[in-house]
């Protein structure tokens, strides 16, 4: 421990020398939280694929495009004079062109592959986001997946990646059939568009067959080849450590190498000092944000689950089997996400486990409700202290702003009222006792 402190003291002196600051003015961030930054990774998914759609046009709807006319264009908008625009000269009026219309309004999209395949691809996109949300914390750097949840998250992401490639293979294999299905459906739409076109522009030079053929050709020419579609489907998962712990030290070592006082080196030294000075100011803020993200996610997840169950008890008058499943999922999820040993959260989880350990025919609904309310009050209070705004749960007896005495009593109930039949959570090392990080 003494050796570690000497290393820290030397680090402070080195930083002070580089920055030209008094060592007394440099504070060390809580080293426990800095080490925790390395107990997980930032996961960044890069999803690439052909989207299977493109912009809808006037032709697709059977609407004649605006052509040059000898008549003043403004006459075509006589019923809506407010849409006429003044020309740059200010004394002439002109109607919005098709280009103006398209810049202001979006007609929508048309699909270039049967909609079912687009929905399946979109569902996989959503599933990837759900995995990150389930197992990670939104932070300044991206989604942080702790080591306790990494393997499960990786397993589910690998399955989704395989499903993505499988979907691309199906599209490639069935491309001809999918094209035939698309042509059949668009042929019906093309005939309807032609009827609309004829009504709006009686001087059309197109026969219905010509119009339909042109319509279908335009749709098919918009699509890439089957090989291009297949190859566009890929997911790349970026995995990185948070750079914060080593960033400052690395820049300091580089700055030490500058020894010759040339104009270039002087400018470089000044630049590095500015960078380091900015890093020093931001480091506390970044770490504070990381702590807030982690602490807030655990409490938000717990609060949402227990208030859902309390609402179910209020409606049904019992602990519904779905609520039991929700509480079990909460326990599993929190045990995976609580990588830093948050004692207050572990106490809440133990409280939930004690409820689940009670045989169904021996459960006291009043006792269960009281325990869950204690958890909701404590977690809500902390979320408010973190400047987060959880949903109201007044209907189930949770004050919008719990008084300090009520929060303290609920916290004591959770800490001291655990059922000894529930298996306590065991962790290596000491608990981190911080309920709300001191930085907040």
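The values are calculated or read from the model by the stated rules, or taken from the named source; none is laboratory data. Just so it is clear, the model here is predicted, and its values are computed rather than measured. Counting neighbours? That spans all protein chains shown, and the Cβs are built from the backbone with ideal geometry, glycine included.
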Note on region 383-396: residues loosely packed, with under 15 Cβ neighbours inside 10 Å, over 16 Å from residue 299 (Cβ atoms) and in contact (Cβ under 8 Å) with a residue 12 or more places away in the chain are 395
Item to complete: Please work out if residue 327 is over 22 Å from the mean Cα position of the chain (by Cα) and not in a helix (DSSP H, G or I).
Response: no
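One line per residue, one yes/no per condition, for (1) more than 18 Å from residue 235 (Cβ to Cβ); (2) out of contact with any strand residue (DSSP E or B) (no Cβ under 6 Å at 6 or more places or on another chain); (3) without any contact (Cβ under 8 Å) to a residue 12 or more places away in the chain:
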| position | (1), (2), (3) |
| --- | --- |
| 122 | no, yes, yes |
| 131 | no, yes, no |
| 134 | no, yes, no |
| 145 | no, no, no |
| 149 | yes, yes, no |
| 163 | no, yes, no |
| 172 | no, yes, no |
Across (1) at pLDDT 90 or above; (2) assigned to a helix (DSSP H, G or I), residue 196 clears everything bar (1)
Flagged in region 40-70 as outside any helix (DSSP H, G or I), in contact with a strand residue (DSSP E or B) (Cβ under 7 Å, 6 or more places away or on another chain) and either loosely packed, with under 15 Cβ neighbours inside 10 Å or modelled with pLDDT under 70 (or both), in numbering order, are 44, 46, 48, 54, 55, 56
Kindly indicate whether residue 352 is part of a helix (DSSP H, G or I) and farther than 27 Å from residue 403 by Cβ.
no
Of the residues in region 207-236, those that are part of a strand (DSSP E or B) and touching a helix residue (DSSP H, G or I) at 6+ places or on another chain (Cβ under 6 Å) come to 235
Those residues of region 199-227 that are surrounded by fewer than 16 Cβ atoms within 10 Å (Cβ to Cβ) and more than 18 Å from residue 54 (Cβ to Cβ) come to a total of 14
Those residues of region 383-440 that are modelled with pLDDT of 85 or more and in a loop (DSSP other than H, G, I, E, B) come to a total of 15
From the option list 346, 361, 332, 367, single residue qualifying as surrounded by fewer than 17 Cβ atoms within 10 Å (Cβ to Cβ), in a helix (DSSP H, G or I) and under 26 Å from the mean Cα position of the chain (by Cα) is 332
Here the residues within region 129-159 that are surrounded by 19 or more Cβ atoms within 10 Å (Cβ to Cβ) and part of a helix (DSSP H, G or I) are 131, 132, 135, 149, 150, 153, 157
Given the structure, is residue 298 in contact with a strand residue (DSSP E or B) (Cβ under 9 Å, 6 or more places away or on another chain) and either in contact (Cβ under 8 Å) with a residue 40 or more places away in the chain or surrounded by 17 or more Cβ atoms within 10 Å (Cβ to Cβ) (or both)?
yes
